Amino acid sequence: MLMHVTMVGMQTPMIDYLHFLLDSVGTDAGAVASYIPELAHADPDKLAVAVASPDGVVYVAGDADAEFTIQSISKPFAYALAIADQGLDVVLEHIDVEPSGDAFNEISLDPETGRPRNPMINAGAIASHALVRGEDADARVGRILDLCSRLAGRQLSIAEDVFESELSTADRNMALAYMLRTVGTLHGEPTDIVRGYTRQCSVSVTVRDLARMASVLAAGGRTPDGDQAIAPAINRQVLSVMATCGMYDSAGDWLTSVGIPAKSGVAGGLMGVLPGQVGIAVFSPRLDPHGNSTRGVRMFERMNRDLGLHLMDSTDSTRSVARRWEREGVAVHEVMGDLHFVEAERVLRGFAQDPAGDAPVVVDLDRVHRTNDIARRMLLEGIRRLHLDGHEVRIVDPWGVLGSAETGSGELVRGEPARGGYVPTAFPDIVSALRG
Ligand code: GLN
């Protein structure tokens, strides 16, 4: 596992940028959370940032090894587990997905449905915790801790002092749990559920951990080691509620100005996920009136401006996805990058350029590492049609992105993928084999 960047040549400007970012946030306004007595003792001047790529590189600056409690940043992960355990339909019957515009600890339910408005405010988070399988609080927390540890790439633990401290003053969350039981949303003993929810909030993390957890969400739920820790459809659900509800009553402001699905915690952590690209975490304990880290928000705003990370800034990944070239009368379609619907459409457009006839065609997928289901099926259909047009088709698919699907008479030329390295393509051989 790559946690530190080992440099052999120049130092990547990434690290310099992160130091610059820390310097740029200035002094702090706001106060540390004090309704949890133990949090009032936190050093308010701690400051850290970490940026993690989906392939496992983590860049850090500042107090990157300072531990703090995850607090509400645990909510997306408990929600993911609740969906994995119960199925999305059951979870939606209990918890809505509408931004509430309320503070995180508002004692409110939707007046018509009786459900908490979303899983990111405490009412919804307590309900999601209760939907995680496990016979008691310890069993549920054990499973949430395991999931968080898998994503962080190391075994995490509970900060017992913070847990005890919050539980001793958890009247408001206790009130929420009793209210949820009154309307039939909560099955189980409210005190046991609040105990579990409070423990889940007391998982101890660093920005390094959170950035890596965020990078797994950015990678569709898959860890850098290839472990599909969260199913892609659940991952998408989680990121959607983070985008619309993760920042409570400043969610709209956040999505328009920063544009990254995010979740904050009252210990001062803030985690952001740019799907397909990067996981980011910051830590600074002083909070704004919404309960979000003051300097954390500032750092994200700055990164958005400097690094162009807004979700709604569109990219045009299709332009460089495929090129077609010919050698000795053999057309080669060289395909690159991850394939989704739009990229696959571009590839099919390339196939359509080949006039019907028996000229051989090579489809080279050596530089494609992932396709989603629709892109895979589109590609297979394109290959089938090339056959129907009379072409002899050869497919180079060393990573197995086409799966074991039937590809007509096209012969699959597979090699062992050389993990982490560029696999020289088999073109010259294939081209000469076709000619000979
Ligand atoms: N444990 C905290 C609570 O329930 C979490 C709140 C937060 O981080 N916003 O009050």
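The values are calculated or read from the model by the stated rules, or taken from the named source; none is laboratory data. No experiment lies behind these values; they were computed from the predicted model shown. Here the Cβ positions follow ideal geometry from the backbone for every residue, glycine too, while neighbour counts run over all protein chains shown. What goes into the accessible areas is simple: the full protein's heavy atoms, side chains included, and nothing from ligands, DNA or RNA. Shrake-Rupley method; radii C 1.70, N 1.55, O 1.52, S 1.80 Å.
Data overview
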read-out: In the stretch 220-244, the residues that are part of a loop (DSSP other than H, G, I, E, B) and open to solvent by less than 60 Å² (accessible area, probe 1.4 Å); value: GLY220, GLY221, THR223, PRO224, GLY226, ASP227, ALA229, ILE230, ALA231
read-out: Matching residues in the stretch 164-183 - criterion: being open to solvent by 40 Å² or more (accessible area, probe 1.4 Å), among the small types (Gly, Ala, Ser) and either farther than 19 Å from VAL141 by Cβ or free of Cβ contacts under 8 Å to residues at least 40 places away in the same chain (or both); value: ALA175
read-out: Residue within the stretch 169-181 that is at pLDDT below 95 and away from the ligand (no atom under 16 Å from the Cβ) present; value: yes
read-out: Subset of the stretch 38-81 (residues that are small (Gly, Ala, Ser), buried (at least 24 other Cβ atoms within 10 Å of the Cβ) and closer than 20 Å to LEU21 by Cα); value: ALA48, ALA50, ALA52
read-out: Residue that is within 13 Å of the ligand (Cβ to nearest atom) and free of Cβ contacts under 8 Å to residues at least 40 places away in the same chain, where the choices are GLU106, GLU93, GLU112; value: GLU106
read-out: Boolean, MET299 is modelled with pLDDT under 95, in contact with a helix residue (DSSP H, G or I) (Cβ under 7 Å, 6 or more places away or on another chain) and open to solvent by less than 20 Å² (accessible area, probe 1.4 Å); value: no
read-out: VAL216 vs. criteria closer than 17 Å to SER149 by Cα and aliphatic (A, V, I, L, M); value: yes
read-out: Given (1) at pLDDT 95 or above; (2) within 15 Å of the ligand (Cβ to nearest atom), number of the condition SER250 does not satisfy; value: (1)
read-out: The stretch 357-370: number of residues that are within 25 Å of PRO275 (Cα to Cα) and either touching a residue at least 40 places away in the same chain (Cβ under 8 Å) or open to solvent by 10 Å² or more (accessible area, probe 1.4 Å) (or both); value: 4
read-out: Criterion violated by ARG150 - all others in (1) more than 16 Å from the ligand (Cβ to nearest atom); (2) over 21 Å from the mean Cα position of the chain (by Cα); (3) open to solvent by 30 Å² or more (accessible area, probe 1.4 Å) satisfied; value: (2)
read-out: Odd one out for ARG195, checked against (1) closer than 21 Å to ARG133 by Cα; (2) more than 15 Å from the ligand (Cβ to nearest atom); (3) open to solvent by 50 Å² or more (accessible area, probe 1.4 Å); value: (2)
read-out: Filter pass, LEU81 being touching a Lys or Arg at 6+ places or on another chain (Cβ under 7 Å), more than 16 Å from the ligand (Cβ to nearest atom) and touching a residue at least 12 places away in the same chain (Cβ under 8 Å); value: yes
read-out: Test result for ALA331, open to solvent by 40 Å² or more (accessible area, probe 1.4 Å), of a type outside the set (Val, Ile, Thr) and over 34 Å from the mean Cα position of the chain (by Cα); value: no
read-out: The stretch 340-356, residues that are open to solvent by less than 30 Å² (accessible area, probe 1.4 Å) and either assigned to a loop (DSSP other than H, G, I, E, B) or within 12 Å of LEU386 (Cβ to Cβ) (or both); value: VAL347, GLY350, PHE351, ASP354
read-out: Of all residues making up the stretch 310-333, the number that are farther than 18 Å from GLU392 by Cβ and assigned to a strand (DSSP E or B); value: 2
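To keep it simple, each residue is scored yes or no on (1) of a type in the set (D, E, K, R); (2) on the phi > 0 side of the Ramachandran plot; (3) out of contact with any helix residue (DSSP H, G or I) (no Cβ under 7 Å at 6 or more places or on another chain); (4) at pLDDT below 95.
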{"position": "ASN292", "(1), (2), (3), (4)": "no, no, no, yes"}
{"position": "ARG295", "(1), (2), (3), (4)": "yes, no, yes, no"}
{"position": "TRP325", "(1), (2), (3), (4)": "no, no, yes, yes"}
{"position": "ALA331", "(1), (2), (3), (4)": "no, no, yes, yes"}
{"position": "ASP358", "(1), (2), (3), (4)": "yes, no, yes, yes"}
{"position": "VAL362", "(1), (2), (3), (4)": "no, no, no, yes"}
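Quick grid of which residues meet (1) of a type outside the set (Val, Ile, Thr); (2) within 16 Å of the ligand (Cβ to nearest atom); (3) assigned to a helix (DSSP H, G or I):
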site: GLY272; (1), (2), (3): yes, yes, no
site: VAL282; (1), (2), (3): no, yes, no
site: PRO289; (1), (2), (3): yes, yes, no
site: ARG298; (1), (2), (3): yes, no, yes
site: ARG302; (1), (2), (3): yes, no, yes
site: ARG305; (1), (2), (3): yes, no, yes
